[in-house]
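> Take a look at this one; I'll ask things after.
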């Protein structure tokens with residue numbers, strides 16, 4: 001960035017340079033890639049839950065990519081995944097699994113919604129990121145406790 005120095009030693013930077021736009025584009029692409037990875041992990045979690053216990057179709061997690069709508073859709077995706085896990089583990093006599101991340105998911109969803117509020121968003125955004133990491137580790141861990149469904153016989 002090249003700055004212009006005025007007589008009173010004030011430097012004004014030209015932020016319209018190509019480098020700034022490239023950095024913003026790179027940041028956007030990294031954030032999009034992370035969001036796509038999260039959607040992929042969530043879809044694999046839903047796919048592992050037997051259909052009888054799924055409370056949401058696995059393909060619907062991709063709606064999280066829609067701006068603003070994704071903040072509301074978080075409540076459906078994460079809470080229904082926790083409920084799906086809970087229903088499955090209860091059916092196989094593993095009730096000791098607790099709430100299967102439901103409270104953690106609710107806390108994440110609330111923090112994610114609050115992160116769009118100016119100033120408050122700095123704190124809740126960081127909290128949402130930390131909660132998301134913990135939540136995804138828990139959800140993938142629960143997914144790994146469900147055995148793979150046997151392959152359908154080929155006729």
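The values are calculated or read from the model by the stated rules, or taken from the named source; none is laboratory data. What you see is a predicted model, and the numbers here were worked out from it, not measured in a lab. Neighbour counts run over all protein chains shown; Cβ positions are idealised from the backbone, glycine included.
> Which condition number does residue 56 fail, the rest of (1) in contact (Cβ under 8 Å) with a residue 12 or more places away in the chain; (2) in a helix (DSSP H, G or I); (3) within 21 Å of the chain's Cα centre (by Cα) being met?
(2)
> Exactly one condition in (1) without any contact (Cβ under 8 Å) to a residue 40 or more places away in the chain; (2) surrounded by fewer than 16 Cβ atoms within 10 Å (Cβ to Cβ); (3) in a helix (DSSP H, G or I) is not met by residue 86; state its number.
Residue 86 satisfies all of (1) without any contact (Cβ under 8 Å) to a residue 40 or more places away in the chain; (2) surrounded by fewer than 16 Cβ atoms within 10 Å (Cβ to Cβ); (3) in a helix (DSSP H, G or I) except (2).
> So, residue 72, is that one modelled with pLDDT of 95 or more and under 15 Å from residue 35 (Cβ atoms) or not? Working first, answer last.
On the way: modelled with pLDDT of 95 or more: yes; under 15 Å from residue 35 (Cβ atoms): no.
It is false that residue 72 is modelled with pLDDT of 95 or more and under 15 Å from residue 35 (Cβ atoms).
> Okay, moving on. Cβ-Cβ under 9 Å, sequence separation 6+ or interchain: first residue in the range 111-123 and in contact (Cβ under 8 Å) with a residue 24 or more places away in the chain, partner assigned to a loop (DSSP other than H, G, I, E, B) and exposed (fewer than 14 other Cβ atoms within 10 Å of the Cβ). Which pairs?
Partner pairs satisfying both residue conditions: 116/68.
> Scan the range 115-130 residue by residue and report those that are more than 15 Å from the chain's Cα centre (by Cα) and either part of a helix (DSSP H, G or I) or buried (at least 16 other Cβ atoms within 10 Å of the Cβ) (or both).
Of everything in the range 115-130, those that are more than 15 Å from the chain's Cα centre (by Cα) and either part of a helix (DSSP H, G or I) or buried (at least 16 other Cβ atoms within 10 Å of the Cβ) (or both) turn out to be 120, 121, 122, 123.
Yes/no matrix, rows are residues, columns are (1) under 18 Å from residue 148 (Cβ atoms); (2) at pLDDT 95 or above:
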| position | (1), (2) |
| --- | --- |
| 36 | no, yes |
| 43 | yes, yes |
| 46 | yes, yes |
| 51 | yes, no |
| 88 | yes, no |
| 91 | yes, no |
| 102 | no, yes |
| 106 | no, yes |
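> Could you please find all residues in the range 65-78 being surrounded by fewer than 20 Cβ atoms within 10 Å (Cβ to Cβ) and part of a helix (DSSP H, G or I)?
65, 69, 70, 71, 72, 73, 75, 76
> For the range 90-101, name all the residues that are in contact (Cβ under 8 Å) with a residue 24 or more places away in the chain and assigned to a helix (DSSP H, G or I).
Of everything in the range 90-101, those that are in contact (Cβ under 8 Å) with a residue 24 or more places away in the chain and assigned to a helix (DSSP H, G or I) turn out to be 91, 97.
> Whether any residue in the range 36-43 is over 21 Å from residue 110 (Cβ atoms), surrounded by 16 or more Cβ atoms within 10 Å (Cβ to Cβ) and over 14 Å from the mean Cα position of the chain (by Cα) is what I want to check.
No: zero hits.
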